[in-house]
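J.: Okay, here's the structure, questions in a sec.
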Amino acid sequence: MRRITRSALGALLTLCPYPVIADPVPPPATETAPQATQPPASEAPEATAPAPAADPPGRKNGPVEWVRTLQLLQDRIATGSVAAHESQSVLIARIEGDLLNAAPEVWTDRHNVQAAIVFALSGGGPAILRRLTKKDAPDTPETTLARGALAYIDGQEADANRLLKDVDTATLPLTLAGSIALTQAALAVNENPVRAIDLLDRVRLLLPGTLVEEGALRREIFVLGQGGDLKKFEVLAIQYLRRFQHSIYAGNFRQRFAYQLTQLDFGRDERRFAAFTRIMNELAPESRRDLYLLIARTAIQEGKTNSALMASDKALTLCAPGSLEATQGQLYRAAAEIVTLSTFQTALRKLKAVDRTKLPARDVQLLDAALSMAEQIGRGLARDPAPPDAEASKRAQAAAADEPGNLIPKVEAMIGQVDQLLRRSNP
């Protein structure tokens, strides 16, 4: 056993924050009618569900038209429009006001109620649903859907599941079907991930090219990664990187994707590493470099030494000499190497050679933590008696590797001290 300790590696980054783009909760679930071709057969689910009812014609100056305007804006978010993303909250507030001020007779049309449900599940909030589900509300299928959607938004998952679990989305208009199916998937993912995957497959087929497909695709990739379906995970990850790499939420995807890849521990499995390489090759060199760096750093945090070394090596081949990215790659590689006896001294020299003036604050913290840990590990090694010759040195190092009791307790005792150091550097 050559590794000093996996927990020591994780301690380096436990308290070094990395910024993450928040994913909307509840997730956006309203999109327009299809705007792109269906995915290739190799990327589609095996069984195709019956097509839902077509969306109703737009009602001029009514809820259906208002919500379609929101859908158009949200679909632009999937293509990377920052202006659309920044305008979304203003439009949602205006639509909410119009819905709440609508005349009572507006809600006698079930299409308007359906539009209100879609709006609420698109980030519009529960206010209109509370009004539509009050005690004297008529008992209709739309009212039941509204109650289920309201329960979901309010975090009442048991009630939401009871009201929505058995809804047949094939009977609903396209956008409402997508909203409800996405909600059903969110409710099913913990207890029945297979059903969640089936539902997300259906959502992707219903509304290709929209923000709802983008959201469904992101979620399905992570469910597949946790379930171990490597082939479909690879196919859908490639599909996302080809079609939605400019989405406003692509940054969030890449952060979570880096974590998911480290959990697959691709550095220890040739088949997984081959799939990992195929996925990464979908990106342009600059994007690939940045994701390799993110994966390397995440792998350090998760104690996946082989994955951290492989990702940092891949990143370094894409970095310009002397660049910030090259400095980060060198740092991440050295941070992964210090926990292995055979590379400890080399890694320590590399860490000392890193130009900290080029690093962002979060990486300066990592460098300082790695140097402190390396110094303390070095002291522990120095206290062991030196072997009299080279052959004895090899035997002693092998013994230290094969008998973790000789060294690991010393390193583990240092982790608490390093944790304290990291906490002080992250007030």
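J.: Within the range 326-335, is there a residue that is closer than 30 Å to Asp198 by Cβ and hydrophobic (A, V, I, L, M, F, W, C)? Please lay out each step first, then the result.
T.: Keep residues of the range 326-335 that are closer than 30 Å to Asp198 by Cβ, which gives none.
There is no residue in the range 326-335 that is closer than 30 Å to Asp198 by Cβ and hydrophobic (A, V, I, L, M, F, W, C).
J.: Does Gly329 count as modelled with pLDDT of 90 or more and outside any helix (DSSP H, G or I)?
T.: Against the criterion (modelled with pLDDT of 90 or more and outside any helix (DSSP H, G or I)), Gly329 does not qualify.
J.: Turning to a different aspect of this structure: Kindly list the number of the only condition in (1) more than 27 Å from Ser81 (Cβ to Cβ); (2) surrounded by fewer than 23 Cβ atoms within 10 Å (Cβ to Cβ); (3) touching a residue at least 40 places away in the same chain (Cβ under 8 Å); (4) not charged (D, E, K, R) that fails for Thr298.
T.: In the conditions (1) more than 27 Å from Ser81 (Cβ to Cβ); (2) surrounded by fewer than 23 Cβ atoms within 10 Å (Cβ to Cβ); (3) touching a residue at least 40 places away in the same chain (Cβ under 8 Å); (4) not charged (D, E, K, R), Thr298 misses (2) alone.
J.: Shifting gears a bit: Just to be sure, is Gly322 assigned to a loop (DSSP other than H, G, I, E, B), exposed (fewer than 15 other Cβ atoms within 10 Å of the Cβ) and not basic (Lys, Arg)?
T.: So Gly322 fits the description; yes.
J.: Any residue in the range 74-85 that is farther than 22 Å from Ala120 by Cα sitting within a Cβ distance under 7 Å of a residue that is surrounded by fewer than 16 Cβ atoms within 10 Å (Cβ to Cβ)? List the pairs, counting only those 6 or more apart or interchain.
T.: Thr79/His246; Gly80/His246
J.: I need a count of the residues in the range 235-267 that are under 23 Å from Ile300 (Cα atoms) and not polar (S, T, N, Q).
T.: Looking only at that region, the number is 14.
J.: Tell me whether the range 99-109 contains one or more residues that are under 22 Å from Ala181 (Cα atoms), in contact with a helix residue (DSSP H, G or I) (Cβ under 6 Å, 6 or more places away or on another chain), surrounded by 15 or more Cβ atoms within 10 Å (Cβ to Cβ) and without any contact (Cβ under 8 Å) to a residue 40 or more places away in the chain.
T.: Within the range 99-109 (the criterion being under 22 Å from Ala181 (Cα atoms), in contact with a helix residue (DSSP H, G or I) (Cβ under 6 Å, 6 or more places away or on another chain), surrounded by 15 or more Cβ atoms within 10 Å (Cβ to Cβ) and without any contact (Cβ under 8 Å) to a residue 40 or more places away in the chain), the answer is no, since none of the residues qualifies.
J.: Assuming Val64 fulfils every condition listed in (1) under 23 Å from the mean Cα position of the chain (by Cα); (2) over 29 Å from Tyr240 (Cα atoms) apart from one, which condition is it?
T.: Val64 satisfies all of (1) under 23 Å from the mean Cα position of the chain (by Cα); (2) over 29 Å from Tyr240 (Cα atoms) except (1).
J.: Separate question: Could you tell me whether Phe222 is closer than 29 Å to Arg288 by Cβ and touching a Gly at 6+ places or on another chain (Cβ under 8 Å)? Please lay out each step first, then the result.
T.: Numbers: closer than 29 Å to Arg288 by Cβ: yes; touching a Gly at 6+ places or on another chain (Cβ under 8 Å): no.
Here the answer is no, as Phe222 does not meet what is asked.
J.: Given the options Asp313, Asp290, name the one that is under 16 Å from the mean Cα position of the chain (by Cα), among the acidic types (Asp, Glu) and assigned to a helix (DSSP H, G or I). Before the answer, list the steps.
T.: On the way: Asp313 fails: under 16 Å from the mean Cα position of the chain (by Cα).
Checking each option against the conditions leaves just Asp290.
J.: So which residues in the range 332-376 are over 23 Å from Met310 (Cβ atoms) and touching a residue at least 60 places away in the same chain (Cβ under 8 Å)?
T.: Gln365
Yes/no per residue for (1) in contact with a Lys or Arg (Cβ under 8 Å, 6 or more places away or on another chain); (2) over 19 Å from Ala237 (Cβ atoms); (3) of a type in the set (A, V, I, L, M):
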| site | (1), (2), (3) |
| --- | --- |
| Lys165 | no, yes, no |
| Ala181 | yes, yes, yes |
| Gln184 | yes, yes, no |
| Ala188 | yes, yes, yes |
| Val203 | no, no, yes |
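J.: Scan (1) touching a helix residue (DSSP H, G or I) at 6+ places or on another chain (Cβ under 8 Å); (2) surrounded by fewer than 18 Cβ atoms within 10 Å (Cβ to Cβ); (3) of a type outside the set (Ser, Thr, Tyr); (4) outside any helix (DSSP H, G or I) for the single condition Phe273 breaks and write down its number.
T.: Every condition holds for Phe273 apart from (4).
J.: Taking the range 131-174, which residues are closer than 18 Å to Leu99 by Cα and surrounded by 14 or more Cβ atoms within 10 Å (Cβ to Cβ)?
T.: Matches in the range 131-174: Arg131, Leu132, Thr133, Ala137, Glu142, Thr143, Leu145, Ala146, Arg147, Ala149, Leu150, Ile153.
J.: Just to verify a result, which residue in the range 220-244, among those that are assigned to a helix (DSSP H, G or I) and over 17 Å from Thr277 (Cα atoms), is modelled with the lowest pLDDT?
T.: Step one: of the range 220-244, the residues assigned to a helix (DSSP H, G or I) are 220-227, 230-243.
Next, only the ones that are over 17 Å from Thr277 (Cα atoms) stay: 220, 222-224, 226-227, 243.
Details: Glu220: 96, Phe222: 92, Val223: 94, Leu224: 92, Gln226: 85, Gly227: 79, Arg243: 93.
Checked the range 220-244; the qualifying residue modelled with the lowest pLDDT is Gly227.
The values are calculated or read from the model by the stated rules, or taken from the named source; none is laboratory data. Quick caveat: nothing in here was measured; it's all calculated off a predicted structure. Cβ: placed from backbone, ideal geometry, glycine included. Neighbour counts: every protein chain shown.
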